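FYI, it's all coordinate maths here, none of it is from the lab. Model, not experiment: these values are computed from the prediction. In this analysis, Cβ positions are derived from the backbone assuming ideal geometry, glycine residues included, and neighbour counts consider all displayed protein chains.
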């Protein structure tokens, strides 16, 4: 059986995020219900965040649309990955996910992040992105992916070890990832 003290610590750390926790209607799976303000801010960030998709001097038709789609999908990806890691944390802390399942789910997230990191790095190095603002955005997405990978890694370590030091590393990496995501998406508040 899980250590109840460990579970309370993990729930306490994750519940300090900007999201509401209303899971009573769904068992054993959990879903997050965003505060209406956070949802509106996220929607504005997704629709308002534009990459400088200038195609002057290129013959690539539709490049602007491709770049805008890349921005929108990247924003959704990093936000959703953050949410999935948090859902795994909550599911494990509440006893709905056994440690083995939680670790398996975190491993899947880490593998997906590694794959995306490779693809995004290839895009960055391909010469497709000409504008400095486009390159900077891609670098920031890659950095956010690294931070999310750290968050998943330290949560996995904590689930395996129940060590206080791993819990603190998880909490610090979670906050760092969220701050980067907030900055990248233009989300105000904590």
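In table form, for the structure just shown:
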| quantity | calculated |
| --- | --- |
| Alpha-carbon Rg/Rh ratio, for the range 116-190, with Rh computed the Kirkwood way | 1.10 |
| Per residue, the convex hull volume that the Cα atoms of the range 69-155 enclose (Å³) | 76 Å³ |
| Cβ-Cβ FRET estimate between residue 65 and residue 172, R0 fixed at 45 Å, reported to 0.05 | 0.70 |
| Expected-Rg normalisation [2.2 N^0.38 Å, Cα atoms] applied to the range 63-110 | 1.54 |
